[in-house]
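Structure first, commentary second.
The values are calculated or read from the model by the stated rules, or taken from the named source; none is laboratory data. Values in this document were obtained by computation on a predicted structure and should not be read as measured data. Don't worry about glycine lacking a Cβ; one is built from the backbone with ideal geometry, like all the others, and counts go over all protein chains shown.
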Amino acid sequence: MAMFPSQLLLSSKHLKERILQPLFEPHGVELIVSHGFDTDNYGTFCGSIPRIEGPKTTVKEKCLAGMSFANRRQGLASEGSFGPHPSSPFLSINEEWLVYIDLDQALEVYGHSISMDVCQQQTNHQRKDLDQFLTSIQFGAQGLVMKDADNGELIAKDITEYVQLMDLIQEHPHWILETDLRAHLNPTRQKNIEAAGKNLIERMRSLCPQCAKPDFSVAQYSGQLPCSWCKSPTNTYEFRTYRCAHCQHQLREKRMDLLMEDPQYCQRCNP
C-alpha cells in the first residue's frame, strides 16, 4: 500500500508546496493547494490575528479544516512557532510541525523539527549598520516587516525591494525592522520546514512490526552509557524505546552507534 495518495492536499497560502514537493515527489505524490482556504485565520506572525493554540494543536485544526473545505479524506498541513527554548529559556527557537491525516486509515502522523535560526531585528538607532544587516539576512529572498518603534504597530510587510525599504525609512523615522517569519519569505525557516517534512516521511516509513501501521517511532530514551575512561555512568542514553501510536506495541533497543561515551561528557572525568 502506498504511503500517501497520488494527489495530496496541502493547506497552505505561503507557497510551502515549493519546499515540500521535492520531498514527496519521489514517493509519487503531487501536492495540491486550495487557494480559497485562508490559513491566516489560525494566526499571523505579525500579530494582526492572534495565535491562540500551540503549533501542534493548530496544525491539526488547520489540516482538518482544509480537508473539509476541499472535501478531501487525506491532507497535509504545516505550522510554525517562535519562542523560548523549552530547557534553556534564554535561547529562542523556531519549532515546525507537519501533520498528515488520513480519515480512511485513521492515521494522524506528525513531523517535527527545531532550529535556533530565528527572527533578527534592526532599529533606526542602528541605521549605519543597515546595509550589513541586509546582506547578513539575504534581503530579497528574506523579506522584512517594519513596525513603529514607539508603539510596536505594524507599518508594512512584504518588504523585499531596496527602493521600497528606503522609501519607508524616509516616511517613518522611528522604525524597527524584523525578518518576515512567513515561510515564503524566510529562507532559514524553509530549511526547518524541510527538516520537519523529512521527519514526517521517515515516521510514515517506519512500520510497526505488530500491526504494520506507520509511525513506529522513538517514545523514550533510557539508561546511561559508561565513560570510556572511568566506566562511570554518563548522561548519554543507552536504550531507545519505540512505541506504535496505534496498537501501543513497544520495543526496547540498545543503541549500537555508540557503546561508550567520550570522557569530555563525563561528570567525573570532566566536571
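Is it the case that some residue within segment 145-160 is exposed (fewer than 12 other Cβ atoms within 10 Å of the Cβ), polar (S, T, N, Q) and in a loop (DSSP other than H, G, I, E, B)?
Yes, that holds for at least one residue.
So, in segment 208-225, how many residues would count as being surrounded by fewer than 17 Cβ atoms within 10 Å (Cβ to Cβ) and either under 30 Å from GLN267 (Cα atoms) or aliphatic (A, V, I, L, M) (or both)?
Number of matching residues: 8.
Here is a check on your reading of the model: is ARG240 outside any loop (DSSP other than H, G, I, E, B), surrounded by fewer than 18 Cβ atoms within 10 Å (Cβ to Cβ), among the charged types (D, E, K, R) and over 19 Å from the mean Cα position of the chain (by Cα)?
Yes.
Which ones in segment 107-129 are modelled with pLDDT of 90 or more, of a type in the set (A, V, I, L, M) and surrounded by fewer than 17 Cβ atoms within 10 Å (Cβ to Cβ)?
Result: ILE114, single match.
ALA219 - would you say it is part of a strand (DSSP E or B), of a type in the set (A, V, I, L, M, F, W, C) and more than 24 Å from the chain's Cα centre (by Cα)?
Spelling it out, it is not the case that ALA219 is part of a strand (DSSP E or B), of a type in the set (A, V, I, L, M, F, W, C) and more than 24 Å from the chain's Cα centre (by Cα).
Among the acidic types (Asp, Glu) and part of a loop (DSSP other than H, G, I, E, B): is that true of ASP257 in this structure?
The answer is yes for ASP257.
Here is a yes/no grid of residues against (1) under 27 Å from TRP97 (Cβ atoms); (2) free of Cβ contacts under 8 Å to residues at least 40 places away in the same chain:
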residue: TYR162; (1), (2): no, yes
residue: LEU165; (1), (2): no, yes
residue: GLU171; (1), (2): no, yes
residue: ASP180; (1), (2): yes, no
residue: ALA183; (1), (2): yes, no
residue: PRO187; (1), (2): yes, no
residue: ALA212; (1), (2): yes, yes
